[in-house]
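Below: one structure, written as structure tokens.
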Amino acid sequence: MKLHNIILFIIFSFISINSLYSSGDILTGITPDKNTQYIIRLNNGDIVSGYIIEMVNDPTDGEGIKLQTVIGNAIIFANQIADIYTKDENYRHDHSIYLLPSAKPIGNNYFIGIYELTFLYAGGGIGDWLSITAGHSFLPAITSSQQISTLDVKFSLVTLNFEDVARKLTLALGGNLAFINSNNRFIHFYGVGTVELSRTMLTTAVFVKTGSSDIYNLYFGNNLVNLVYEDGSFGIGLGLDTKITKRHDLHLIGELWNSNIAKPTNTAILLGFRLCNTSFSADFGLAFFTIPYAAPFVSFKWTPF
């Protein structure tokens with residue numbers, strides 16, 4: 001048997017086994033709960049959401065659920081379901097906007113990703129209080145000493161729940177260390193707060209740069225960039241993450257950065273879209289600078305567990 005036939009056989013066997021498992025056991029552990037919203041992806045690709053109010057069993061179709069939705073109750077059988085998860089499990093990428101960390105912890109949503117197709121990074125959490133992210137660039141045509149490295153540590157301190165327009169408020173403190181070239185060190189400390197509305201997440205961060213120089217010589221190959229970034233600079237970051245219409249897989253994301261509030265020209269705005277499911281996310285958009293200048297941004301994340 002040729003190699004490609006073996007590979008096709010393995011893939012087909014895996015899909016078949018997975019399908020049998022899904023149809024028979026996908027409702028294992030699911031119980032009626034009027035306080036937990038579930039999101040269900042059907043075999044035909046449709047996505048519905050609501051509250052499970054009753055477990056059902058039909059002699060012909062087998063086990064199923066009665067789902068309370070905004071347009072009425074629906075009976076859905078296990079053999080019609082491709083995937084089922086709670087609303088909290090559905091969106092596992094809320095620990096950051098694009099570059100801006102939110103106050104939300106990474107928790108068990110360990111991920112690996114890539115920025116701009118050249119910067120690899122990964123992150124994980126310890127409980128719901130400590131989040132760690134680190135990354136390193138692999139820019140072509142420059143030496144290893146001219147690459148970019150970062151390390152970010154965030155402590156999610158408290159989460160407050162409300163029965164109002166603002167459903168939840170999370171506060172966090174953090175710090176990051178970055179090297180642009182091996183001899184140019186940047187240190188920041190920040191505080192961040194995230195407010196969750198019914199469909200939207202708003203994030204505000206304040207940060208201060210400390211412990212380094214005021215003027216930097218950045219080399220990329222034979223190109224020299226002079227950067228003035230004073231110690232003690234106080235900056236702000238604003239973030240927006242909102243679901244578009246009733247879709248659960250498409251988000252509008254945006255960020256506003258100012259690295260020194262004493263200099264309004266040190267401002268950038270990012271605006272784009274995030275396409276995501278429980279495992280993958282892809283961000284696409286444009287960044288606008290006051291130079292003036294615009295540049296595309298893109299990132300991909302994989303949260304396998």
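The values are calculated or read from the model by the stated rules, or taken from the named source; none is laboratory data. What you are looking at is a predicted structure, and each value in this text was computed from that prediction instead of being measured. Note that we place each Cβ from the backbone using ideal geometry, even for glycine, and neighbour counts take in every protein chain shown.
Numbers for the structure displayed
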| quantity | calculated |
| --- | --- |
| Per-region count, region 243-284, residues touching a Gly at 6+ places or on another chain (Cβ under 7 Å), surrounded by 17 or more Cβ atoms within 10 Å (Cβ to Cβ) and more than 16 Å from residue 297 (Cα to Cα) | 3 |
| Search result, residues across region 84-133 that are under 21 Å from residue 271 (Cβ atoms) and among the aliphatic types (A, V, I, L, M) | 97, 99, 100, 114, 117 |
| Check on residue 110, aromatic (Phe, Trp, Tyr), surrounded by fewer than 17 Cβ atoms within 10 Å (Cβ to Cβ), within 20 Å of the chain's Cα centre (by Cα) and under 30 Å from residue 287 (Cα atoms) | yes |
| Single residue of 282, 294 found to be free of Cβ contacts under 8 Å to residues at least 12 places away in the same chain and either assigned to a strand (DSSP E or B) or charged (D, E, K, R) (or both) | 294 |
| Members of region 262-291 that are at pLDDT 95 or above, of a type in the set (A, V, I, L, M) and out of contact with any Asp or Glu (no Cβ under 9 Å at 6 or more places or on another chain) | 282, 286 |
| Residue 223 being crowded, with 16+ Cβ neighbours inside 10 Å, over 20 Å from the mean Cα position of the chain (by Cα) and not small (Gly, Ala, Ser) | no |
| Residues of region 290-299 that turn out to be surrounded by 15 or more Cβ atoms within 10 Å (Cβ to Cβ) and not hydroxyl-bearing (Ser, Thr, Tyr), as a count | 1 |
| Scope region 182-212; condition hydroxyl-bearing (Ser, Thr, Tyr) and either buried (at least 17 other Cβ atoms within 10 Å of the Cβ) or in contact (Cβ under 8 Å) with a residue 24 or more places away in the chain (or both); matching residues | 182, 190, 194, 198, 200, 203, 204, 212 |
